[in-house]
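Computed from the coordinates by the stated procedures, all read-outs in this text should not be read as laboratory data. Not measured: the values here are computed from a predicted model. Quick reminder, even Gly has a Cβ in these numbers, built from the backbone with ideal geometry, and neighbours come from all protein chains shown.
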Amino acid sequence: MTKLYRFTTLEDSYACNFNVLIAGVPRVLGVKALLEEWIAFRIECVRRRTYFDRNKKADKLHLLRGLEKILLDIDKAVKIVRETDEESEVVPNLMIGFGIDEIQAEYVAEIKLRHLNREYILKRTKDLEDLEKEIAELDEILKSKARIKTIIVKELKSIAEKYGQPRKSIIIYDDVARYEEETVEIPDYPVNLFFTKEGYFKKITPQSLRMSGEQKLKDGDEIIQELEFTNNCDLLFFTDKCQVYKAKADDFAQTKASVLGDYVAAKLGFDEGENAVKMVVTKDYKGMLLFALKTARLQKFRLNPTQQRLTVKSSRAHIPTNLRLSDFSICLRMKRYSSRRHREICSLFTRVHSLSKQPVQHRVLPFSSPKKVTDFSA
């Protein structure tokens, strides 16, 4: 399912272009701005609705105030209506007789004669206190923006409870989603690895190597490393710019002795002018690398499996920045170092000095115990 989610449209993300009219002007809004505009629109809708309800209740209260005055003398109101000669004079006479305005007088005049009794008027005027409280509440809502937003939230919750349905899909946010990378099984079989002085790499199976003839190389190039390993191993290429590049042997295609092979600098994307000088092959990243320099010095660092490209830092766990890999004559991988191997190191130094064209004074480093090697730095 994870692969379906990632590589099909079963789970997808896409950009939205919201072109909307704001006050008659077309605008392109993001999700946040769109929500802000919608909230502002809803606030205005609730305010206008509240103001409309408040005016309606105020008008009703005003009419009931006039009806309340008629209750004081119902017979007088009936007499005024009965004794008025012209219909157009009824409203003015009621206004004069009870001290009410034209709207209230018009409302009283429209009441049927059978309703001009005490019981009817008391039923209509008993809601006066409730109307006053409701009008005061609506006035408070109009003054408070926070209360308007609270009304919007309540309405949305009510709609969700009334019309809401369970989701048929689950929303997974980026900070919660976890994708398990599929582990690619690398075929493991014996291979012969070749690395040349010019930075070319070949991976040849033993069967192909037996059937091949002479190794094809560029003019002036030569094989400096030949190893028997397996396809599922890591390759560490040390460059003359104090950097280490890591790759899998499986990343390189199988080849034959009759081809030049892969140019490591192009394959791994080296910096301009950067060249590979040594190759180390490992699977477990255990042990240390011991480097012998032409300057009669030794440097060591522990193998450390990290990212694809390792910038060498000045630390005991890495190659010091003042150590130029182009000066290396011998790179020796060791799982342990002990005084028993001191003679081998001295012989390696002798070889380094013999390879150097410039005379270098021989200096034997006092490696009397493994502890001193561990504590040794440049």
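A few remarks follow.
- Annotation: lysines with alpha-carbon distance below 21 angstrom to residue 56 (same-chain offsets under eight excluded): 69, 123, 126, 133, 143.
- Mean Cα-pair separation over length for region 59-193, i.e. relative contact order, pairs under 8 Å, 6 or more apart, %: 23
- Exposure proxy for 156, 268, 209: other Cβ atoms within 10 Å of each Cβ, ordered fewest to most, give 156, 209, 268.
- Least to most buried among 281, 91, 184, 78 (fewest other Cβ within 10 Å first): 184, 78, 281, 91
- Mean-position separation - Cα centroids, region 110-133 and region 15-72, in angstrom: 31
- Taken about its Cα centre, region 1-145 carries a charge dipole of about 900 debye when Lys and Arg each add +1 at the Cβ and Asp and Glu each add -1 at the Cβ.
- Summing charges over all other residues whose Cβ lies under 13 Å from the Cβ of residue 43, with Lys and Arg as +1 and Asp and Glu as -1, gives +3.
- Potential lengthening between residue 23 and residue 43 on full extension [0.36 nm per residue; Cα-Cα distance subtracted]: 5.7 nm
- Distance between the pseudo-spin-label points of residue 72 and residue 189 (7 Å out from Cα toward the beta carbon): 11.4 nm.
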